[in-house]
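Report on the following structure.
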Amino acid sequence: MKSFIKTIAITLPMIWVMQSCGNSTAESKSMEQLHRENGLPVKTSTVQAQPISSTYTTHAVLSGIQESTAHAAVADRVDHILLRVGETVKKDDVILTFPTDNPAAQYMQARVNVEHSRTTTARMKALYESGGISRQEYDNVAAQCRVAEANFDAVQQSVKVRAPISGVLTRLDIQESDNVNPGDPLFTIARTEQLKAQLWVAENQISEIKKGNAARAMWNGHTITGCVSQVDLSLNTAMQAFGVQVEFDNSQAVLRSGVNAEVQLYSENSEAAVITARKNLIKKGGQYFVYKLIDDKAVKHPVTTGRQLDLDIEIIDGLASGDIIITQGLTLVEDGQLVRVLN
C-alpha cells in the first residue's frame, strides 16, 4: 500500500508538468496559426515624393567683408600709435609712426629732393612761359618732380603708416617702442558690418549648393544669417574641392572677425525625390531592401539609395510615390507573409 501511494505521489507531478508543457505548445501553435490566418500585425506608411531640403555643415573662420593688414616697410622702433582697437578710421588716416631719422628710410633725403624738384619746376615753368626754354625741357623737369613726389610719398608711408581701407581698427600687432622688421604685421583694418567665410565643398556635394542659398553662422551661442555669394565653377586642385563664399549680416556686431564659427548652408532641389526613414530599410549583403505591402502581403524589394539626409535617406530606384511600405514589424516579417495593418 505504501509503495502504491509513493508511486502515485511521483506520477501525479510528472503528469501535471507534461500537461503544462503540452498546453504551452498548444498556445504557441495557436498564436502562429492566428498569424497565418489573420496576418502578422504591422504598421505601414505611404511613400510620397517631396522636395529635398538638405543642410551642409562645416566650420570656417569669419572675416570682415573687406579686410586689410598693414606691414612694416623698414626695420625700426614704433614711435607713436595714434588710434586704438575699435576706433573707426578712414582710408589714408595715419595709424602709427616711425622715427623720421632712420637712415634706412631716407626720409630727410627724399624730403629735400622733392622740395628742390618743386622749386626747380616752378622756375622752369616761368622760363617756359616767357619763351626761355622749350616745352620739352619743361616737361622733363616736371616729370622728374612727379617722380620725386612719388618717392617722397612712399617714404612717408613707410614712417607714417596709413589705413589701407576705411573701416574699424580690429587688431594691433605691436605696441609703442616695439622693434619691428620689414614684413612684420602692424595692424588690421576691417569692415565688420558684414562678415564672410571661405568654404571648401567636396565635388559630390557641390551640386546641391547654389548662389543665393540661405546660410547661418553660429559661435558661442550667437547666430547671424546670410547667403551664398559665390560658387566656383572649377575644382581647386590644391584643395581638391570647390570654393564657396558666404556673406553674413553683422550690422548688430553679433560676431567678431576672426572667430571659427559653425557654418550651415541650406539647399533645396526643385525636383521632388522619394525619401524614407533609414529605419525602414534592411541591409543584407551590401544591398538595401524594403518590405512593400502588396495584396495584404509583405514583399521584400531591393532599393538603390542616394543622399544621406540626417535620419532620412533618398531612394533613387525601387520605390515610387504611392508605394506602401512596412515601417514597424520588420524584425518579424518574412517575404510573402500575410500581414495585418494596424495603422
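Any read-out appearing in this document is the output of simple, stated calculations on the displayed coordinates, not a laboratory observation. Source: prediction; values computed, not measured. No Cβ is skipped: glycine too gets one built from the backbone with ideal geometry, and neighbour counts run over all protein chains shown.
So the values come out like this:
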item	result
Rounded to 5, percent antiparallel among DSSP beta bridges of the chain	95
Residues in segment 304-343 that a label on Lys210 would reach, taking backbone N under 19 Å of a point 7 Å out along Cα→Cβ	307
Karplus-derived 3J(HN,Hα), 6.51/-1.76/1.60, for each residue of segment 117-133, Hz, glycine and proline x	5, 5, 4, 5, 5, 5, 5, 5, 5, 5, 5, 5, 5, 8, x, x, 9
Shape of segment 231-306, Cα gyration tensor, a/c cut at 1.5	prolate
Pairwise centroid distance, computed over Cα atoms, of segment 104-164 with segment 212-247, Å	48
Net charge of neighbours whose Cβ lies under 11 Å from the Cβ of Val246, counting Lys and Arg as +1 and Asp and Glu as -1	+2
Sparse-neighbourhood loop sites, GluC sites (Glu not before Pro) in segment 244-343 - DSSP loop, at most 13 other Cβ within 10 angstrom	Glu334
Computed magnitude of the charge dipole of the chain (debye, nearest 20; Cβ of K, R +1, Cβ of D, E -1)	1140
Environment charge at Lys43 (Cβ cut-off 13 Å; Lys +1, Arg +1, Asp -1, Glu -1)	+2
Environment charge of Asp153, counting only residues whose C-beta is closer than 14 Å and scoring Lys/Arg +1, Asp/Glu -1	+2
Positive-end extreme of charge dipole, the chain - chosen from Ala272, Thr44, Ala126 (charges on Cβ)	Thr44
Nearest-20 debye value, segment 76-204 charge dipole, Cβ charges on Lys, Arg, Asp, Glu	360
For Thr276, distant residues with modelled amide H under 5 Å away	Ile313, Ile315
Low-density loop positions, GluC sites (Glu not before Pro), segment 134-243 - DSSP coil, at most 12 other Cβ in 10 Å	Glu176, Glu203
Filter on Lys90/Lys160; Lys125/Lys160; Lys43/Lys300; Lys43/Lys279; Lys90/Lys196; Lys91/Lys196 - keep pairs with C-alpha separation over 25 Å	Lys125/Lys160
